[in-house]
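Notes follow the structure.
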Amino acid sequence: MKQKSEPVLAMMMAMDKNRLIGQNGQMPWHIPGEMAYFKSVTLGKPIVMGRKTFDSIGRPLPGRPNIVVTRNPDWTAEGVQAVAGLDEALEMAGNLAADSGAEELMIIGGAVLCRDAMPRTQRLYLTVVDHEYEGDTWLESFNWSDWQVISEDVRDPETTGGVPVTYWVLEKP
Ligand SMILES: NC(=O)c1ccc[n+]([C@@H]2O[C@H](COP(=O)([O-])OP(=O)(O)OC[C@H]3O[C@@H](n4cnc5c(N)ncnc54)[C@H](OP(=O)(O)O)[C@@H]3O)[C@@H](O)[C@H]2O)c1
């Protein structure tokens, strides 16, 4: 019988041309189609997020196990698993992915969690909004030179509210 392969550690993030990802605890933009794309990639896969990203979403995302990383041992929220660190999160998400047959476990931000997870991430779903926004949180752990391009999907601006958006899939060489 064919052995099941190990789930891949993937990350999904959206940034502007300066690597900006957040503003005052929220996304700096609202781009039509972006949430639907996020849902299509992550549905059915365990998602791992920092506690501040969970706060910004405000509820568990349905149809996927939600794991929240926090150093606060008293932190709880309905419908999510809280864990104390990245290792614990990846072990839990990896087991859930393997049990359900999901091919990937997904890191979904924010910048603090990505900084820790980036060196271990094998695949990156990166949305680049080719525009400059105002904000306070950047994906400083991302460098193009660390990645090779698997695919590049330039969206029709008519479907993105007129903003140039590209959906990249990148992998470590
Ligand atoms: N554009 C995008 O794709 C995208 C995606 C996600 C989020 N965002 C934006 O990013 C911003 C939030 O990001 P952020 O960088 O400020 O925060 P974050 O990474 O979401 O959360 C940081 C918190 O997570 C916990 N944490 C992170 N790494 C940990 C580790 N290794 N071990 C234990 N706990 C850990 C800590 O929680 P405690 O303080 O509870 O200990 C830490 O304070 C928001 O503006 C959000 O809208 C954007």
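Tabulated results
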| quantity | calculated |
| --- | --- |
| Test set (1) in contact (Cβ under 8 Å) with a residue 12 or more places away in the chain; (2) more than 13 Å from the ligand (Cβ to nearest atom); (3) part of a helix (DSSP H, G or I) - ALA102 fails condition number | (3) |
| Of all residues in region 105-115 being touching a helix residue (DSSP H, G or I) at 6+ places or on another chain (Cβ under 6 Å) and near the ligand (Cβ under 9 Å from one of its atoms), the one that is least open to solvent (accessible area, probe 1.4 Å) | GLY109 |
| Residues being open to solvent by less than 60 Å² (accessible area, probe 1.4 Å) and either in contact (Cβ under 8 Å) with a residue 12 or more places away in the chain or β-branched (Val, Ile, Thr) (or both) - total across region 120-163 | 18 |
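The values are calculated or read from the model by the stated rules, or taken from the named source; none is laboratory data. What you see is a predicted model; the values in this text were computed from it and never measured. Cβ sites come from the backbone with ideal geometry, for glycine too, and all protein chains shown count toward neighbours. When the accessible area is computed, the model is the full protein with side chains, heavy atoms only, and any ligands, DNA or RNA have been set aside. Shrake-Rupley method; radii C 1.70, N 1.55, O 1.52, S 1.80 Å.
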